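J.: My structure is below; once you've seen it, I'll send some questions.
Please treat every number below as a calculation from the coordinates, not as lab data. Quick caveat, the model's predicted, so the values are computed rather than measured. In this analysis, Cβ positions are derived from the backbone assuming ideal geometry, glycine residues included, and neighbour counts consider all displayed protein chains.
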């Protein structure tokens, strides 16, 4: 079993308290469905700075991460199936599914 980083890109924040409550319920429901596969529910992300190989620092662009979670799965295809239920997709975001591995 490996851990998979789910990197969210794009999407929008709900504008009304009612919409925020609905979105939070969707996240809670999805986390409940994931059960023990949920390693870290993560958080939204905001400001991004990109450090290039030459040391220069630039602002993040439109494709910068908007949040993350970490899940455990047997393989990347299983992780992708789990990620397809992520509520961020309903808000127009995309999800990168990235296998991580321990080396330290």
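J.: Is the stretch 58-104 best put as rounded, prolate or oblate by its Cα gyration tensor, with a ≥ b ≥ c the root eigenvalues, rounded for a/c under 1.5, and otherwise prolate when a/b is larger than b/c, oblate when not?
T.: On the way: a/c = 2.89, a/b = 1.24, b/c = 2.33.
Taking the square roots of the gyration eigenvalues as a ≥ b ≥ c, the stretch 58-104 is oblate.
J.: Assign one of three labels to the stretch 1-60, namely rounded, prolate or oblate, based on the Cα gyration tensor with a ≥ b ≥ c the square roots of its eigenvalues; rounded applies when a/c is under 1.5, prolate when it is not and a/b is larger than b/c, and oblate otherwise. The partial results should precede the final answer.
T.: Numbers: a/c = 4.48, a/b = 1.43, b/c = 3.13.
It comes out oblate by the Cα gyration axes.
J.: Still on this structure, please answer the following. Sorting 94, 100 on the 10 Å Cβ count, fewest up front, what's the list?
T.: Working: 94 14, 100 11.
By the 10 Å Cβ count, ascending: 100, 94.
J.: Sticking with this one: Would you mind ranking 51, 71 so that the residue whose beta carbon has the fewest other beta carbons within 10 Å leads the list? Mind showing how you got there, number by number?
T.: On the way: 51 9, 71 23.
If I rank by nearby Cβ atoms, fewest first, I get 51, 71.
J.: Most exposed first by the Cβ proxy, i.e. fewest other Cβ within 10 Å, how do 68, 8 rank?
T.: Details: 68 18, 8 22.
Placing the least packed residue first, the sequence is 68, 8.
J.: Would you look at the GNM of the chain, springs on alpha carbons closer than 10 Å, and say which of 88, 57, 70 moves the most?
T.: Ranking 88, 57, 70 by mean-square fluctuation puts 57 first.
J.: Could I ask something else about it? Pop a pseudo-label 7 angstrom from the Cα along the beta-carbon direction at both residue 12 and residue 40 and give the gap in nm to one decimal.
T.: Result for the modelled spin labels: 3.0 nm.
J.: Right, another one. Expected output is a single nm value to one decimal: the length gained when fully extending between residue 81 and residue 94, i.e. 0.36 nm times separation in residues minus the C-alpha distance. What is it?
T.: Details: separation 13, 0.36 × 13 = 4.68 nm, distance 1.40 nm.
Value of the extension gain: 3.3 nm.
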